[in-house]
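The values are calculated or read from the model by the stated rules, or taken from the named source; none is laboratory data. These numbers come from a predicted model, not from an experiment. Quick reminder, even Gly has a Cβ in these numbers, built from the backbone with ideal geometry, and neighbours come from all protein chains shown. Side chains are part of the model used for accessible areas, which takes the heavy atoms of the whole protein and leaves out ligands, DNA and RNA. Shrake-Rupley method; radii C 1.70, N 1.55, O 1.52, S 1.80 Å.
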Amino acid sequence: MRGREEGSANLFSYVRLEERVPADHPLRPIRALADEVLAGLNDRFEGLYSGMGRPSIPPEMLLRASLLQAFFSVRSERMLMEQIDYNLLFRWFVGLEIDAPVWHPTVFTHNRDRLMETAVARAFLSGLLELKPVKRLLSSDHFSVDGTLIEAWASMKSVRKKDGSGTPPGPGRNGERDFRKEKRSNETHASTTDPDARLYRKGDGQESRLCFMGHALMENRHGLVVDAALTHATGMAEREAALLMLDRRKRRHRITLGADKAYDVEAFVHALRARRVSPHVTINGAVSRTGKIRKTALDGRTTHHAGYAISLRCRKRIEEAFGWIKAQAGLSKVKLRGRARVEALFTFAAAAYNLVRLPKLMALTAT
């Protein structure tokens, strides 16, 4: 009898919370899509969680809370828990009753880190793209690819020689470190805080930073991210990740791939053609110091088509995804360490970007 009364009370509490959220609130269609994706991941969640021991936070609630953190640019898990504690909209989206106690930030972080694996994040992204109303929006013929630097959660003062020699930072919380006359490279140095991070700079004359490199594959019809990856920051990482994401896609016919001039490399263009991919790559017409124009890997077989110019215009939309992931989702500088954890977070942020845009796209195509 008591259990029945408690169940009725929880149901009544949820109904009261449901009534507080306006029927036309933008988060309603987003939650409907997220719930449909999470329902398809039940088998994966059951394999991750044991029925013995202390009960864990439900994985659906963990992922919904992580989506809120990306949507509303919540800087830390502690602030997220504060918001869920007193914000009725956050409680409704997560699925927490109006009078249920909120989790401790450390408990939430430990449970989230155990759940947030690259395979789970990629399954969430692919599950979202497999939904029928979403699948109708995707192009199966035309794609774009690009990469962006993700600054690591590590200080340049943590860069030390791999053999253990070198002067450590001075004492104190933010001790001084003198780098003058010291040559540092990824072959001889590594960060003691995050060994997976790599020294990298965008161009000549710019400073090196400890970074990862995030990659996204976008379909050109509506600019939705269909795949994401994160690698070490190297000069060849963008092209290697592009081939990796292409190989993960199942297809039966030729497609096009738009990319910027960093992909205008002969080996990469040949690799695309071997995969039945038309290389709609921007020509790198860099001029050397001697005045010689760099030879391009493209030829008239590709550039004379009208679709080539269209792909070059469409590919720039991928910067919108990177901008949202960095500015809104807070990945301009990640607060996690280790490539696997950062890749899971980056992939999940790409799925959150799609979720924000999908309700409006679905409404426009339905009219």
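Dipole magnitude for the chain: computed about the Cα centre from +1 point charges on Lys and Arg Cβ and -1 point charges on Asp and Glu Cβ, it is near 1380 debye. Our coupling estimate for segment 143-159, obtained by passing each phi through the Karplus curve with A = 6.51, B = -1.76, C = 1.60 and θ = phi - 60°, is 9, 9, 9, 6, x, 8, 7, 10, 5, 7, 8, 7, 8, 5, 5, 7, 6 Hz, Gly and Pro reported as x. Proximity of backbone amide H atoms, modeled 1.01 Å from N, is registered between residue 150 and 212, 213, 214 at under 5 Å, excluding neighbours fewer than 5 places apart on the same chain.
Within a Cβ distance under 10 Å of residue 186, other residues only, what is the Lys/Arg minus Asp/Glu net charge? Neighbourhood net charge equals +2.
Between amide H atoms placed 1.01 Å from N, distances below 5 Å from residue 256 occur with 142, 143, 278, all of them 5 or more places distant or on a separate chain. Basic side chains Lys and Arg get +1 at the Cβ, acidic Asp and Glu get -1 at the Cβ, and with that the dipole of segment 238-315 about its Cα centre reaches some 280 debye. Compared with the dominant principal axis of the Cα atoms in the chain, helix 105-115 is inclined by about 60°.
What you get for segment 272-367, charging only the Cβ of Lys and Arg (+1) and of Asp and Glu (-1), is a dipole of about 380 debye around the Cα centre.
One way to sum up the overall shape of segment 236-300 is the equivalent ellipsoid from its Cα gyration tensor, whose semi-axes run 25, 12, 8 Å, largest first. With protein chains left intact and a 1.4 Å probe, residues in the chain average 54 Å² of accessible area per residue. Keeping the other protein chains in place, figure out the carbon and sulfur percent of the accessible area of segment 279-327, with a 1.4 Å probe. Carbon and sulfur together cover 58 percent of it.
Compute the Cα gyration tensor for segment 193-350, then decide on rounded, prolate or oblate, letting a ≥ b ≥ c be the square roots of its eigenvalues: rounded whenever a/c is under 1.5, prolate when a/b is larger than b/c in the other cases, and oblate in all that remain. It is oblate, given that a/c is not under 1.5 and a/b is not larger than b/c.
What the Cβ-Cβ distance of residue 104 and residue 138 gives, at R0 = 35 Å and to the nearest 0.05, is a FRET efficiency of 0.30.
Compute the Cα gyration tensor for the chain, then decide on rounded, prolate or oblate, letting a ≥ b ≥ c be the square roots of its eigenvalues: rounded whenever a/c is under 1.5, prolate when a/b is larger than b/c in the other cases, and oblate in all that remain. The shape class here is oblate. Potential lengthening of the chain between residue 254 and residue 79 amounts to 58.3 nm, from the contour at 0.36 nm per residue minus the alpha-carbon distance. Computed over neighbours whose Cβ is under 13 Å from that of residue 332, the net charge equals +4, Lys and Arg +1, Asp and Glu -1. Relative to the dominant Cα principal axis of the chain, helix 118-129 is inclined by about 80°.
When the square roots of the Cα gyration tensor eigenvalues are ordered a ≥ b ≥ c, the ratio a/c for segment 179-262 is 1.5 or more and a/b exceeds b/c, which makes its shape prolate. Peptides 313-319, 202-208, ordered by how many other C-beta atoms sit within 10 Å of their residues on average, highest first, read 313-319, 202-208.
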